[in-house]
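What follows is a set of notes on a single structure, which appears directly below.
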Amino acid sequence: MAICRTAVLSAAVLTALNGFSFAEVAESNVRFRGSLSNSRIQFENQKKGHVAFIGGSITEMNGYRPMVCEILQRRFPETEFTFTAAGISSTCSTAGAFRLERDVLSKGPVDLFFVEYAVNDDQDAGHARENCIRGMEGIIRQTRRHNPNADIVITHFVNTGMIETIRGGGEPTSSGAHEEVAEHYGISTIHLAREVTQQIDSGKLTWQKFGGVHPAPFGNAICANMIDKLMSQAWKEPLHADAKPAAHELPAERLEEACYENGRFIDPQKAKVASGFAWKTPNWKELPGSCRKRFVEEKLLCGEAGNELTLEFEGRGVGAFVLAGRDAGTVTASVDGGESVDIDLYHHYSRGLHYPRTVMLADDLPPGKHVLRLTVSDTANPKSQGSAVRILQFTAN
C-alpha cells in the first residue's frame, strides 16, 4: 500500500500565512464531493500527471496556482507533472467554455482540474444565474467527455460585493450557480468567499490583509491551504496498490439544456466578408486605451460602421470573443434571416482597456446548421468614441 504524503509547505507560503491558523478554516467551506481518487492513482502509481488551471486574472497571476503546484509536487515528489496555466484576465466562464478545447483539452487528458470564475462572472460579466450555469456546466461536461476520469475542483474567490451579499445572509449569484453545478456533478468546491467573509466578521482577518480582489500572497496562501485541506480529506486513507481509476458519472440531465457543452472557437477567417472587414493586427499605439501584451501581435477581424459579414456554423448558439476598447461599436446580428438584434460591445472597463470579452450573438437556436449575418451599426454606446469591432474568435456551441 502506498501512502500519500501530507504537503510540507514552503517557507514562502508559511511566511505569507504569517500566523494564520489553518485549523480555523470552517469545514463547511471545504466541500468535498464525489472523489479525487483518480488523480491520486495517476500521480502515485503512474508517476505522471496533468494538472490544469482555468479562470480569469486570479488564475493568471502569480497567486494560488503556483502555490497549489508546489503543494502537489511536495505531496508527490516522484511524480512528473505537467501544469497547464490557462488563466486569461477579465474572462468569464462563458469565455472559458469556448476556449477550453484550445487552451486546456488540446494539451492532453487532464487528471486534476482547478476552475475559478466566481469573481469574473460577478463583477466583469454581471451574469445572471443561467449564464453562470451555462458556462460552468459547459466546462464540466466538456472536460468529463474528454477524460471521464478527470477530477475537478471549483474555487470561489471573492470581491467586496460578494462579501456584502454573504454578510446579509445570501449567496452571490455566481458562486451559488457554480455550487449548483458542483452538486449536480459531484464536484468538490473551495468556498473561499464565505471563508474570507467569516474570518473578517470574526475579527481574525481584514480585507486589506487578504489583499483585495487580486489577493496578496497571504490571501492566496489561505486558498492554497484550503485546497491542501481538501486533498488531505480526500486522500486520508492509504491507497491500495491495485487501485484502479473509475469514470465519473456524467448525468444525462443538464441544469441548463443550452449549456455550452459543445463550446468551441471558429476561426474568423472562415467568415465571408460582404464589405469592409479586414484581417489585420491593429496599430495599438495609435488607439486610445491599453492592450494587454498577450493580444498586441495577434491578427483580428476588424470592422467599422457599415461593414458586413456572414458566418456559417453548426450548433445552438453563436457569439464572438472580442477586444472592446474605448471606440467599441454595436453590431446587429441575425440568424437564418430571422429577427435582428443589436449587441453593444462597449464594456464598463472599455474606457481604459481594449477589454477581452465574449458576447453571445444568438442563443437557444434549434440544433443544426445556421448562417449568421453580422453588420456593424452606425450607432454606438454614448460612452464610446467610435464604432470599432475587433474579433479574436467566433464562438459556437
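The values are calculated or read from the model by the stated rules, or taken from the named source; none is laboratory data. Here the structure is a predicted model, which is why all the values come from computation and not from measurement. Here the Cβ is made from the backbone with ideal geometry for all residues, glycine too, and neighbour counts use every protein chain on show.
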Among (1) within 23 Å of Thr59 (Cα to Cα); (2) free of Cβ contacts under 8 Å to residues at least 60 places away in the same chain; (3) not in a helix (DSSP H, G or I), which single condition is Ala177 missing? (3)
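Taking Phe313 as the residue in question, decide whether it is assigned by TED's automatic domain parsing to the domain that holds Arg373 and touching a Gly at 6+ places or on another chain (Cβ under 7 Å). Before the answer, list the steps.
Numbers: assigned by TED's automatic domain parsing to the domain that holds Arg373: yes; touching a Gly at 6+ places or on another chain (Cβ under 7 Å): no.
The answer is no for Phe313.
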Boolean, Asn147 is within 27 Å of Leu105 (Cβ to Cβ) and in contact with an Asp or Glu (Cβ under 8 Å, 6 or more places away or on another chain): yes
So which of Asn220, Asn262 ends up being in a loop (DSSP other than H, G, I, E, B) and modelled with pLDDT of 95 or more? Asn262
Residue hits (segment 53-95; under 13 Å from the mean Cα position of the chain (by Cα) and assigned to a strand (DSSP E or B)) are Phe53, Ile54, Gly55, Ala85, Ala86, Gly87
List the strands (runs of 3 or more DSSP E) that sit entirely inside segment 290-380 and contain at least 1 residues that are of a type in the set (S, T, N, Q) and modelled with pLDDT under 95. none
Going by what's in this entry, would Ile163 be described as hydrophobic (A, V, I, L, M, F, W, C) and surrounded by 22 or more Cβ atoms within 10 Å (Cβ to Cβ)? no
What about Ala246, is it modelled with pLDDT of 95 or more, part of a loop (DSSP other than H, G, I, E, B), over 30 Å from Asp364 (Cα atoms) and small (Gly, Ala, Ser)? yes
Looking only at segment 55-100, count how many residues are farther than 25 Å from Gly352 by Cα and not hydroxyl-bearing (Ser, Thr, Tyr). 21
Looking only at segment 105-151, count how many residues are part of a helix (DSSP H, G or I) and of a type outside the set (Val, Ile, Thr). 23
